[in-house]
1. Over the chain, with the other protein chains present, what is the accessible area per residue in square angstrom, probe 1.4 angstrom?
2. Specify which residue in the list ALA128, GLY139, VAL81 is farthest towards the positive end of the charge dipole of the chain, using unit charges on the beta carbon of Lys, Arg (+1) and Asp, Glu (-1), about the Cα centre.
3. What ranking of ARG215, ARG314 comes out by heavy-atom accessible area, probe 1.4 Å, highest first?
4. With θ set to phi - 60° and the Karplus curve 6.51 cos²θ - 1.76 cosθ + 1.60, what are the ³J(HN,Hα) couplings of the stretch 353-363 in order, to the nearest whole Hz, using x for Gly and Pro?
5. Please give, to one decimal in nm, the separation of the simple spin-label points placed at SER202 and GLU265, each 7 Å out from Cα toward the Cβ.
6. Probe radius 1.4 Å, ligands and nucleic acids ignored: give me the carbon and sulfur share of the accessible area of the chain as a rounded percent.
7. With +1 assigned to the C-beta of every Lys and Arg and -1 to the C-beta of every Asp and Glu, and no other charges, what is the dipole magnitude of the stretch 78-233 about the Cα centre in debye, to the nearest 20?
8. What accessible surface, in Å², does a 1.4 Å probe find on THR267, ignoring ligands, DNA and RNA and rounding to the nearest 10?
Amino acid sequence: MSINTFGHLFRVTTWGESHGPALGATVDGCPPGVPIDAGAIQHWLDKRKPGQNRYTTQRREADAVQILSGTFEGVTTGTPVQLMIENTDQRSKDYGDIKDKFRPGHADITYFQKYGLRDYRGGGRSSARETAARVAAGGLARAALAALAPTVEIKGYMTRMGAHEIDRSRFYWDQIDQNPFWTPDATAAETWADYLDGLRKSGSSVGAVIEVVARGVPAGLGAPVYGKLDTDLAAAMMSINAVKGVEIGEGMSAAMLTGELNADEITMGPDGPVYSSNHAGGILGGISTGQDIVVRFAVKPTSSILTTRKTITRTGEETEIITKGRHDPCVGIRAVPVGEAMMACVLLDHMLLHRGQIGKNQGQIG
């Protein structure tokens, strides 16, 4: 079973564990001739890597990517691209006290129930460290998208931290890269800084909501009924560690709207259809409309905290647990580049699928 692989034509297999010697991704199906080097991928990994500020885990990893195969003279060859990132700052001893205890809210218990084995060193395969491999693969996908569809632009940002939400009237794209929370609301960033400082010092954690937007996506990507673009986007985002909910466009809020309010009315513009709004999140019937694609996902609080909680051991004894070590007080911060990477991988995959079946859009309007 390919349970560590996603994608149809652009296929990504991630491998490795949190405290193993290395982790990475094997990417198959990337078109040949895409300009790429380690530096282009490293740019995106640097957004995700730990230890950049006091609001993330203090594990110090360079997350330096190596391209081991699939390129020649600066371009992809069409053969599998092997990406590797070495782990250099593991502290497995930090987990010695909990090797026989299950962390409440963590996959420790379900992994053990399923496999009968448990890598207690940081969670092994269930660790958010696995997402570094996705970001590396996403860097390659972005390079391919730049070659095939240069109008596509992908941007992620945080819209909520715990009970604190951004004010959309203060939404500025140029603010996203100017604060440690990747948020477009500079005022919210200041509030979140004080809030997260208090949580971090108390040893607790908090959840977050991330929004990822893809602009410049052509109409026609995706297919009915089981090949929907939003189906694959939802699966991709839900597969990210700690994600518990995914929305496309209005998402759950669409249930509160009437048909008149929810309808994205259509007029004819000089270059094709023009929509009055984007409640659909850029996707209708599983197929892109040409509008911005808007995906939102919720990330739960980090389960490794310093607060004492009740749990059980592998032998079924009731006990208490405190998780030491270096952990993100809000894992949603570093989930932003991960969401961007998954968006890039899915869009490229569907672009290749569209090109293979249709080539050029068949239905021309106007």
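The values are calculated or read from the model by the stated rules, or taken from the named source; none is laboratory data. Just so you know, these numbers come straight off a predicted model, no measurement behind them. Note: ideal-geometry Cβ built from the backbone for every residue, glycine included; neighbour counts use all protein chains shown. Please note that ligands, DNA and RNA were not included when accessible areas were found on the heavy atoms of the full protein model with its side chains. Shrake-Rupley method; radii C 1.70, N 1.55, O 1.52, S 1.80 Å.
1. For the chain, the solvent-accessible area averages 47 Å² per residue.
2. Farthest along the dipole direction, towards plus: ALA128.
3. Most to least solvent-accessible, the answer reads ARG314, ARG215.
4. Going residue by residue, I get 4, 5, 5, x, 8, 9, x, 10, 3, 8, x Hz, with x marking Gly and Pro.
5. 4.8 nm
6. 54 percent
7. Charge dipole, the stretch 78-233, about its Cα centre: 560 debye, nearest 20.
8. 90 Å²
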